[in-house]
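Peer 1: What follows is a structure written as structure tokens; I'll ask about it next.
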Amino acid sequence: MQQHPEPRSASLDGRSDFTAALRHTLAMALQARARELCFVDPDFGSWPLEDDGVRSALAAWARLPQRQMLIVAGNFDALPTRFPRFTAWRRTWAHVVECRQTDVEASQIPSLLLAGEHSVVLLDRLHWRGHGLSDDAEVGAWREVVDVLVQRSEPGFGASTLGL
């Protein structure tokens with residue numbers, strides 16, 4: 001796996017920095033055997049979810065015992081067509097992944113990957129600026145934001161579609 005700059009406290013400036021920080025954060029979460037992952041974004045359109053390395057890291061992480069992943073979005077409509085391999089991965093790991101669709105205005109939904117001490121937030125989506133979360137208090141504050149989003153959400157992006 002390619003080496004990426006450490007996102008913890010590091011400043012992100014540009015889409016490539018954000019993508020590299022997401023990959024690095026997932027690699028570190030796997031190495032640290034993080035119990036929970038939390039992905040938050042209005043629609044995940046700019047995340048590298050089709051990347052083989054990202055899906056491999058997620059699969060390796062999900063194979064560990066007692067893992068839980070929360071995905072919160074404002075809208076999951078484009079995910080199945082834009083990210084078919086990630087959608088298949090989500091189906092395979094449905095017992096680990098909970099997806100929630102929030103009714104919060106898209107501009108109020110952060111772009112965030114929480115993975116314990118290895119977490120990253122994109123604060124300015126227009127200019128791709130953000131940073132690695134520098135301490136437990138900062139991660140905790142973002143977790144509270146996620147909790148509010150979850151309270152204003154309902155299940156979304158089902159693992160399968162049942163028809164009549």
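Computed from the coordinates by the stated procedures, all read-outs in this text should not be read as laboratory data. Bear in mind that the values here come from a model prediction, so they are computed numbers and not experimental data. Because the Cβ atoms are built from the backbone with ideal geometry, glycine has one as well, and the counts that use them run over all protein chains shown.
Peer 1: Report the gain in length on full extension from residue 78 to residue 117: 0.36 nm times residue separation, minus Cα-Cα distance, nm rounded to one decimal.
Peer 2: Extra length from residue 78 to residue 117 when fully extended: 11.0 nm.
Peer 1: Moving on to the next point. Quick one: which of 17-29, 133-145, 113-125 comes out on top by average Cβ neighbours within 10 Å, and what's the full order, highest first?
Peer 2: Highest-to-lowest ranking by the protection proxy: 17-29, 113-125, 133-145.
Peer 1: Compute the signed sum of charges (Lys and Arg +1, Asp and Glu -1) over the other residues within less than 11 Å, Cβ to Cβ, of residue 99.
Peer 2: Values: positive: 90, 100; negative: 98, 154.
Around residue 99, the charge tally is 0.
Peer 1: Using the basic label-point model (7 angstrom from Cα toward the beta carbon), what is the residue 126 to residue 36 distance in nanometres?
Peer 2: A separation of 3.3 nm, rounded to one decimal place.
Peer 1: Count the DSSP beta bridges whose two residues both fall in the chain, then state the antiparallel fraction as a percent rounded to the nearest 5.
Peer 2: Antiparallel bridges make up about 55 percent of those DSSP assigns within the chain.
Peer 1: Putting +1 on Lys and Arg Cβ atoms and -1 on Asp and Glu Cβ atoms, find which of 42, 62, 74 reaches farthest to the positive end of the dipole of the chain.
Peer 2: 62
Peer 1: Let me ask another. Treating only the Cβ atoms of Lys and Arg (+1) and Asp and Glu (-1) as charged, compute the dipole magnitude of the range 11-155 about its Cα centre; round to the nearest 20 debye.
Peer 2: 640
Peer 1: Then there is this: Quick one: length gained pulling residue 138 to residue 151 fully straight, 0.36 nm per residue minus the C-alpha distance?
Peer 2: 2.7 nm
Peer 1: Please label the shape of the chain as rounded, prolate or oblate, based on the square roots a ≥ b ≥ c of the eigenvalues of the alpha-carbon gyration tensor (a/c under 1.5 means rounded; beyond that, a/b larger than b/c means prolate, else oblate).
Peer 2: Taking the square roots of the gyration eigenvalues as a ≥ b ≥ c, the chain is rounded.
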